[in-house]
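To start, the structure itself, in structure tokens.
The values are calculated or read from the model by the stated rules, or taken from the named source; none is laboratory data. Owing to the predicted nature of the structure, the values given are computational and were not obtained by experimental measurement. Here the Cβ is made from the backbone with ideal geometry for all residues, glycine too, and neighbour counts use every protein chain on show.
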Amino acid sequence: MLNLIGSEFDVANMVHSVLADCEHRRRAMPDDGFVRAIDENARKKLAASREAFEAAGGDAAHWQIVEEEVLRTALPQYVRIAERQNELERSHYEVWRNGDLAARLTFALGGLVIGGIIVAVPFIPIFIDAFAFVTAIAGWFYPELKKLFYDVRYTRELNAILKEASEFNTRRSLELLLTAPR
């Protein structure tokens, strides 16, 4: 059960390798068979890695744990967030009129109106009258801001999966050290 070959076949590195390969192919996969296509892609990547692992003389029990973690823990989490990200990307992040020129002008005008109201209301302490123009500029860039928000969230969720795999790897190494015969 101990991986004596090297860290490239640890659970965290294998999860990273498989998810990176799946992420590279995510946008090209069909919506109707997305889960099956991701699973098939992950299994191909694991099979290729397994050949290298066995050629290096790796322990079969360790590889079983790697496959279990990749296919039963990390991959279902990835599929859930990747499907949602695909839907957002295909709908242009659900921005009205896909953020075309008319939509941007409308967002900017709305930002200008809201900013003007905020400046005019006496109980909100804003001392710069140009604040309305800042909200107008934010309105113009609203489609990019929304895309940035969802992309950053997606990246954070991917990193959370990788962090969980790394923590599993650390816990597993500690368990092996603590349960080793003395």
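Structure data summary
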| item | result |
| --- | --- |
| Answer from ALA138, ALA82 - the residue that is hydrophobic (A, V, I, L, M, F, W, C), assigned to a helix (DSSP H, G or I) and closer than 30 Å to SER7 by Cβ | ALA82 |
| Within region 13-28, considering residues that are surrounded by fewer than 21 Cβ atoms within 10 Å (Cβ to Cβ) and either assigned to a loop (DSSP other than H, G, I, E, B) or among the aliphatic types (A, V, I, L, M) (or both), the one farthest from the chain's Cα centre (by Cα) | ALA28 |
| Among residues of region 50-76, those that are more than 23 Å from the chain's Cα centre (by Cα), among the polar types (S, T, N, Q) and under 18 Å from LEU19 (Cβ atoms), counted | 0 |
| Matching option when the condition is of a type in the set (Asp, Glu), within 20 Å of the chain's Cα centre (by Cα) and under 30 Å from ALA138 (Cβ atoms), among GLU89, GLU40 | GLU89 |
| Cβ pairs under 7 Å, 6+ apart, first in region 46-57 and touching a residue at least 12 places away in the same chain (Cβ under 8 Å), second of a type in the set (Ser, Thr, Tyr) and surrounded by 13 or more Cβ atoms within 10 Å (Cβ to Cβ) | SER49/SER17 |
| Selection from region 120-159 of residues that are touching a residue at least 60 places away in the same chain (Cβ under 8 Å) and hydrophobic (A, V, I, L, M, F, W, C) | LEU158 |
| Members of region 29-42 found to be at pLDDT 95 or above and surrounded by 15 or more Cβ atoms within 10 Å (Cβ to Cβ), listed by number | PHE34, VAL35, ALA37, ILE38, ASP39, ASN41, ALA42 |
| Unique residue being at pLDDT 90 or above, surrounded by 14 or more Cβ atoms within 10 Å (Cβ to Cβ) and of a type outside the set (Ser, Thr, Tyr) when the list is GLU144, GLU167, GLU157 | GLU157 |
| Top-ranked residue in region 77-88 [being closer than 16 Å to LEU19 by Cβ and among the aliphatic types (A, V, I, L, M); ranked as surrounded by the most Cβ atoms within 10 Å (Cβ to Cβ)] | ALA82 |
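This table checks each residue for (1) part of a helix (DSSP H, G or I); (2) at pLDDT below 95; (3) aliphatic (A, V, I, L, M); (4) exposed (fewer than 13 other Cβ atoms within 10 Å of the Cβ).
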| residue | (1), (2), (3), (4) |
| --- | --- |
| ARG104 | yes, no, no, no |
| GLY110 | yes, no, no, no |
| ILE118 | yes, yes, yes, no |
| PHE127 | no, yes, no, yes |
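One line per residue, one yes/no per condition, for (1) farther than 30 Å from LEU177 by Cβ; (2) out of contact with any Leu (no Cβ under 7 Å at 6 or more places or on another chain):
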{"position": "VAL18", "(1), (2)": "no, no"}
{"position": "HIS24", "(1), (2)": "yes, yes"}
{"position": "ALA28", "(1), (2)": "yes, yes"}
{"position": "ASP31", "(1), (2)": "yes, yes"}
{"position": "ARG72", "(1), (2)": "no, yes"}
